[in-house]
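*Asks:* One structure follows; several queries about it will come next.
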Amino acid sequence: MASTPKNYNELRKLLIQIEADSASFRLGTASIETLKYMVENPAYTAVSTMTSIAKENNVNPSTLTRLAYSLGYDKFSSFQRLFRDYVEENAHFYTARANRLVHPPTVDPQRDTLFNTVLKEEAKNIVSLLHDERSDQYLDIVNLLVKSRKVRFYGRRQFFSLAVFYSYCLGLIRERVDIMQDDVHGLSHSLTFMDHQDLVVVLGCAPYTKATVDTCRIAHRHEIPIVSITDSHDSPLTTYAKHYLIIPIESHFYSNSMAAAFAMAEALLTMVAQKMGKSTLETLKKREQIIEEFGINLPHNMHGTNRT
């Protein structure tokens with residue numbers, strides 16, 4: 001019998017072991033495909049009946065009962081509880097964080113203002129990058145950002161802004177850099193013409209979106225190297241990643257803290273610029289020439305022209 005997964009992320013990792021035939025037990029093909037469907041659709045699994053899930057996967061409900069038992073659960077409802085807990089946890093991510101602001105602990109008159117507290121937390125997050133145990137991954141990721149034929153960045157929600165930042169800044173010094181967007185040509189359009197010579201950089205923290213997880217899974221299936229920048233070793237974005245980096249995010253901010261993420265981006269991109277050497281200078285000089293020809297920037301002496 002399997003070691004019973006305690007949460008959704010443990011189940012997701014177990015599924016990978018099962019598919020790789022490295023788990024301590026085996027499942028039939030129908031059970032594996034059904035489990036994969038359930039893991040990829042946690043919200044549907046959390047609220048649907050066993051009969052509905054079975055029908056969706058063209059299996060008998062008894063297959064789900066046996067699957068739950070094989071995974072170490074005494075009944076299917078216990079197994080389904082894992083999905084419900086996961087969905088509920090993600091559904092209340094923002095309110096749970098904001099609740100700390102609305103219902104704070106006893107206030108110490110001598111403590112810092114909330115403004116100072118948040119700034120200190122963000123500074124601590126950035127400093128913690130200096131002690132990142134995965135810092136040896138930086139050089140490998142820099143090499144991929146330099147040498148990959150194409151580089152595509154993908155992030156949802158507020159991490160879309162981080163993807164744009166990476167894409168714009170890397171695009172200043174090398175070609176074939178872009179962001180992947182659902183609402184323009186679609187993710188399939190971005191991945192279709194990519195292969196092992198290219199790189200997909202996926203950005204995201206909890207609550208993870210299905211699209212970012214699917215992007216990792218599908219890119220991996222098509223042998224496209226993946227770099228993930230996320231918040232935890234247990235993040236689903238690390239599962240298929242060739243390399244991954246962890247962003248410190250502890251803060252009183254009611255959403256994901258981004259200060260360390262952008263600091264990490266600046267550090268990585270600076271390393272890329274140095275690695276590219278003279279090519280960086282040549283590309284930037286050409287870009288500056290074109291900017292000048294377009295007349296995009298205001299003259300340096302225009303600011304304060306009418307000052308007395």
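The values are calculated or read from the model by the stated rules, or taken from the named source; none is laboratory data. On a predicted model such as this, the values are computed, not experimentally measured, just so you know. Heads up, the Cβs are rebuilt from the backbone with ideal geometry, glycines too, and the neighbour counts pull from every protein chain shown.
*Asks:* Among the residues of segment 19-44, which ones are β-branched (Val, Ile, Thr) and at pLDDT below 90? Please lay out each step first, then the result.
*Replies:* Going residue by residue through segment 19-44, those that are β-branched (Val, Ile, Thr) are 29, 32, 34, 39.
Selection gives 39 alone.
*Asks:* So residue 200 ticks every box in (1) at pLDDT 95 or above; (2) part of a loop (DSSP other than H, G, I, E, B) but one. Which box is left unticked?
*Replies:* (2)
*Asks:* Among the residues of segment 44-74, which ones are among the hydroxyl-bearing types (Ser, Thr, Tyr), part of a helix (DSSP H, G or I) and over 24 Å from residue 214 (Cα atoms)?
*Replies:* Initially, segment 44-74 is screened for residues among the hydroxyl-bearing types (Ser, Thr, Tyr), giving 44-45, 48-49, 51-52, 62-63, 65, 69-70, 73.
Narrowing further to those that are part of a helix (DSSP H, G or I): 44-45, 51-52, 62-63, 65, 69-70.
Those that are among the hydroxyl-bearing types (Ser, Thr, Tyr), part of a helix (DSSP H, G or I) and over 24 Å from residue 214 (Cα atoms): 51, 62, 63, 65, 69, 70.
*Asks:* Quick check: is even one residue across segment 165-172 more than 19 Å from residue 229 (Cβ to Cβ) and surrounded by fewer than 20 Cβ atoms within 10 Å (Cβ to Cβ)?
*Replies:* Filtering segment 165-172 for residues more than 19 Å from residue 229 (Cβ to Cβ) gives 172.
Those left that are additionally surrounded by fewer than 20 Cβ atoms within 10 Å (Cβ to Cβ): 172.
Scanning segment 165-172 turns up at least one residue that is more than 19 Å from residue 229 (Cβ to Cβ) and surrounded by fewer than 20 Cβ atoms within 10 Å (Cβ to Cβ).
*Asks:* How many residues does segment 135-156 hold that are in a loop (DSSP other than H, G, I, E, B) and more than 11 Å from the chain's Cα centre (by Cα)?
*Replies:* Within segment 135-156, the first condition is being in a loop (DSSP other than H, G, I, E, B), and the residues that meet it are 135-136, 148-150, 156.
Subset that is more than 11 Å from the chain's Cα centre (by Cα): 135-136, 148-150.
Residues that pass the stated criteria total 5.
*Asks:* Collect the residues in segment 157-178 that are of a type in the set (Asp, Glu) and either over 18 Å from the mean Cα position of the chain (by Cα) or outside the structural domain of residue 192 (by TED's automatic domain parsing) (or both), keeping them in residue-number order. Write out each step before concluding.
*Replies:* If we filter segment 157-178 for residues that are of a type in the set (Asp, Glu), which is where we start, we get 175, 178.
If the condition is that a residue be of a type in the set (Asp, Glu) and either over 18 Å from the mean Cα position of the chain (by Cα) or outside the structural domain of residue 192 (by TED's automatic domain parsing) (or both), then 175 is the only one that fits.
*Asks:* Taking segment 32-43, which residues are within 18 Å of residue 212 (Cβ to Cβ) and either over 21 Å from the mean Cα position of the chain (by Cα) or not in a helix (DSSP H, G or I) (or both)?
*Replies:* As a first pass, look at segment 32-43 and keep what is within 18 Å of residue 212 (Cβ to Cβ): 36, 39-43.
Residue satisfying the conditions is 41 alone.
*Asks:* Here's a follow-up. What number goes with the only condition from (1) farther than 30 Å from residue 123 by Cα; (2) at pLDDT 90 or above; (3) charged (D, E, K, R); (4) not in a loop (DSSP other than H, G, I, E, B) that residue 275 does not pass?
*Replies:* Against the list (1) farther than 30 Å from residue 123 by Cα; (2) at pLDDT 90 or above; (3) charged (D, E, K, R); (4) not in a loop (DSSP other than H, G, I, E, B), residue 275 comes up short only on (1).
*Asks:* Answer yes or no as to whether residue 248 is surrounded by 21 or more Cβ atoms within 10 Å (Cβ to Cβ), in contact (Cβ under 8 Å) with a residue 12 or more places away in the chain and more than 30 Å from residue 18 (Cα to Cα). Step through it out loud before you land on a result.
*Replies:* On the way: surrounded by 21 or more Cβ atoms within 10 Å (Cβ to Cβ): yes; in contact (Cβ under 8 Å) with a residue 12 or more places away in the chain: yes; more than 30 Å from residue 18 (Cα to Cα): yes.
So residue 248 fits the description; yes.
*Asks:* Considering only segment 176-192, how many residues are exposed (fewer than 14 other Cβ atoms within 10 Å of the Cβ), at pLDDT below 95 and under 12 Å from residue 150 (Cβ atoms)?
*Replies:* Summing the residues that are exposed (fewer than 14 other Cβ atoms within 10 Å of the Cβ), at pLDDT below 95 and under 12 Å from residue 150 (Cβ atoms) in segment 176-192 gives 1.
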